[in-house]
Every structure is written in C-alpha cells, then in structure tokens.
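Peer 1: This is the structure, below, for whatever I ask next.
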Amino acid sequence: QGELGLVAGVNGDMAAAAFALPSAITRADQIGDVAAHLNFATWLGNGMAIHGMADRSLKVINQAVDLTSKSGYSSVPLQLSIKKIRALANLPEPQFDQSRAVVKELIATTLIQAQNEHVLGAQTELLTEAGQLAAKQGDFAGAEQAFVQARDVAKKAALPREEGEACLHLSQCYRAAHHPTKAAGVIDKGIQAV
C-alpha cells in the first residue's frame with residue numbers, strides 16, 4: 001500500500017498518497033520495519049515540503065531522524081537529510097530566516113557525507129540546494145559556483161535530468177545578474193543534456 005501511495009504521489013494523486021503513506025508508516029512501526037518507515041517518511045516529508053506544508057514535513061522527517069539514532073544507524077541516510085534541507089528551505093518567512101544557518105550547516109555536513117560515500121546523485125541535489133539558497137540570499141557568485149559544480153557532478157555521473165536542472169538554475173542566475181548571453185548558452189547545454 002505504501003508503494004502504491006508513492007506511485008499515486010508521482011502521478012499527482014496527492015489525496016491517495018496522503019492517505020497511503022502515513023498508513024504505511026504506521027504499519028511499518030507495528031511490525032518493526034525501520035527501513036520501510038524511513039523510506040515512506042522520506043517521500044512523505046518531501047511531498048509535504050514541496051506542497052506548502054514544510055513545517056508539518058519537518059515533524060515527519062525529524063521523527064524519522066530520531067528513529068535512525070534509536071535503531072543504531074551510524075549516520076542519517078542521505079536522502080532523509082536532503083529532504084530535511086528541502087523542508088527547512090521551504091519554510092515561510094520568518095521561520096526560514098531563523099533556520100538559514102541550520103540549513104547551510106546541514107548542506108555542508110551532508111555534502112561531506114555524500115562525497116565520502118561517493119554518491120554523486122546526492123552531491124548534485126545538495127549542490128543544487130546550496131545554489132538555490134545562495135540565489136535566494138542574492139549571492140549570485142555563490143549560486144553560480146554551486147550550480148556549476150552541480151552541473152559538472154551530474155555530467156560526470158551521467159545524470160542528464162540533474163544536469164539539465166542545474167543548467168536551468170544556472171541560467172536563471174545569469175538572467176538575474178543581467179548576463180543574457182551566458183544564460184542562453186547554459187540553457188542550450190541543459191536542453192542538450194536532457
């Protein structure tokens with residue numbers, strides 16, 4: 001049922017996902033399936049964060065993070081940390097402003113973990129989040145650096161969707177900085193990648 005909830009969410013049926021995923025988490029807890037709880041909580045938390053419920057998403061994600069430490073995990077799974085970053089980054093003001101330093105620190109530590117574990121996809125996601133955070137703060141040089149790194153890592157990992165997304169964000173950054181020629185060139189590269 002949880003997997004069907006994931007499929008429903010990916011297909012845009014948020015009501016079915018919103019019913020199936022919490023039910024799957026409850027059932028996973030009943031049978032002691034920690035991995036299932038973490039998997040479904042990661043997806044549920046991400047869906048909530050990107051659909052305007054970042055504060056509620058954090059509750060789901062923080063419970064899952066607590067479960068990892070109680071269950072003997074040596075570190076928080078990368079995707080769970082990435083979803084926590086996304087939830088924090090999607091908080092409304094002034095909550096986001098209050099959590100900005102936490103987000104930066106979590107990005108930095110999770111990026112080190114992803115590099116140590118050689119997980120290029122996670123590195124790409126984290127660099128993209130770092131770039132979006134920098135752009136949100138008006139730090140176009142920092143945003144450019146992060147998006148270029150994300151693009152390069154995605155290209156190295158043969159992840160065309162992630163490479164295209166990094167190019168899209170880089171193009172937006174160049175447009176905001178009034179560099180339309182750079183923006184056009186990088187978006188063409190993103191289109192080619194995808």
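Peer 1: Can you compute the helix-only [θ] at 222 nm over the chain? Use -39500 (n - 2.57) per DSSP H run of at least 4 residues, normalise by all residues, nearest 500 deg cm²/dmol.
Peer 2: Numbers: 10 runs with 160 residues, N = 194.
Value at 222 nm, helices only, nearest 500: -27500 deg cm²/dmol.
Peer 1: Classify the range 1-110 as rounded, prolate or oblate, taking a ≥ b ≥ c as the square roots of the eigenvalues of its Cα gyration tensor: rounded when a/c is under 1.5, otherwise prolate if a/b is larger than b/c and oblate if not.
Peer 2: On the way: a/c = 2.29, a/b = 1.25, b/c = 1.83.
Because a/c hits 1.5 or more and a/b fails to exceed b/c, the range 1-110 counts as oblate.
Peer 1: How much solvent-accessible surface does Ile50 expose, in Å² to the nearest 10, with a 1.4 Å probe and all protein chains in place?
Peer 2: Accessible area of Ile50: about 100 Å².
Peer 1: Here's something else I'd like to know. Above 14 Å lies some portion of the pair distances; for the range 61-105, what is it as a whole percent of all C-alpha pairs? Mind showing how you got there, number by number?
Peer 2: Details: 522 of 990 pairs.
Distances greater than 14 Å cover 53 percent of the Cα pairs.
Peer 1: In what order, largest first, do His178, His51 sit by accessible area if the probe radius is 1.4 Å? Numbers along the way, then the final one.
Peer 2: On the way: His178 155, His51 95 Å².
Final ranking, largest accessible area leading: His178, His51.
Peer 1: Follow-up. Can you work out the accessible area per residue across the chain, with the rest of the protein chains kept in place, probe 1.4 Å, in square angstrom? Intermediate results must be reported in sequence, preceding the final value.
Peer 2: On the way: 10380 Å² over 194 residues.
The answer is 53 Å² per residue.
Peer 1: Probe radius 1.4 Å, ligands and nucleic acids ignored: give me the carbon and sulfur share of the accessible area of the range 76-194 as a rounded percent.
Peer 2: On the way: 3420 of 6110 Å².
On the range 76-194, the fraction of accessible area on carbon and sulfur atoms equals 56 percent.
Peer 1: Given a 1.4 Å probe and heavy atoms of the protein chains only, how would you sort Met53, Met48, Met14, largest accessible area at the top?
Peer 2: Details: Met53 60, Met48 20, Met14 80 Å².
From most exposed to least exposed: Met14, Met53, Met48.
Peer 1: I would also like to ask the following. Which angle from 0 to 90°, rounded to the nearest 10, does the C-alpha axis of helix 180-193 make with the longest principal axis of the chain?
Peer 2: The angle comes out near 50 degrees.
Peer 1: Another question, then. By its C-alpha gyration tensor, with a ≥ b ≥ c as the square roots of the eigenvalues, how is the range 70-194 shaped: rounded for a/c under 1.5, else prolate for a/b larger than b/c, else oblate?
Peer 2: Values: a/c = 2.61, a/b = 1.34, b/c = 1.95.
Oblate shape, in that a/c is at least 1.5 and b/c is the bigger or equal ratio.
Peer 1: While we're here: Roughly how many Å² of Glu144 are accessible to a 1.4 Å probe, to the nearest 10?
Peer 2: 60 Å²
Peer 1: Between the range 1-40 and the range 55-102, how many Å separate their Cα centres?
Peer 2: If you average the Cα positions of each part, the centres end up 18 Å apart.
Peer 1: Ok, one more. Helix 120-136 versus the longest principal axis of the chain: what is the Cα-based angle in degrees, 0 to 90, to the nearest 10?
Peer 2: The answer is roughly 70 degrees.
Peer 1: A follow-up question, please. Could you work out how far apart the two model spin labels at Glu117 and Asp33 are, taking each label as a point 7 Å from the Cα in the direction of the beta carbon, and quote it in nm?
Peer 2: Rounded to a tenth, the inter-label distance reads 2.1 nm.
Peer 1: Okay, which of the range 34-58 sit inside 14 Å, backbone N to the point 7 Å along the Cα-Cβ direction of Val102?
Peer 2: Answer for this model: 54-58.
Peer 1: Against the longest principal axis of the chain, how steep is helix 54-70, in degrees 0 to 90 to the nearest 10, with axes from Cα atoms?
Peer 2: Orientation of helix 54-70: about 60 degrees from the principal axis.
Peer 1: Given a cut-off of under 8 Å on Cα pairs at least six residues apart, what relative contact order in percent is computed for the range 1-139? Please report the intermediate quantities before stating the final value.
Peer 2: Values: 145 pairs, mean separation 22.0, N = 139.
Across the range 1-139, relative contact order equals 16 percent.
Peer 1: Going through the range 17-88, which chymotrypsin sites (Phe, Trp or Tyr not before Pro) have at most 15 other Cβ atoms within 10 Å and a DSSP loop state?
Peer 2: Of the chymotrypsin sites (Phe, Trp or Tyr not before Pro), the ones in loops of the range 17-88 whose Cβ has at most 15 other Cβ atoms within 10 Å are Tyr73.
Peer 1: What shape does the range 1-57 have by the C-alpha gyration tensor, where a ≥ b ≥ c are the square roots of the eigenvalues, rounded means a/c under 1.5, and otherwise prolate means a/b greater than b/c and oblate the rest?
Peer 2: On the way: a/c = 2.24, a/b = 1.41, b/c = 1.59.
The shape class here is oblate.
Peer 1: Extending each Cα 7 Å along its Cβ direction at Ser75 and Glu3, get the distance between those two points in nm, one decimal.
Peer 2: According to this spin-label approximation, the distance is 2.9 nm.
The values are calculated or read from the model by the stated rules, or taken from the named source; none is laboratory data. No experiment lies behind these values; they were computed from the predicted model shown. Glycine also receives a Cβ, built like all others from the backbone with ideal geometry; neighbour counts cover every protein chain displayed. Calculation scope for accessible area: heavy atoms of the full protein, side chains included, ligands and nucleic acids excluded. Shrake-Rupley method; radii C 1.70, N 1.55, O 1.52, S 1.80 Å.
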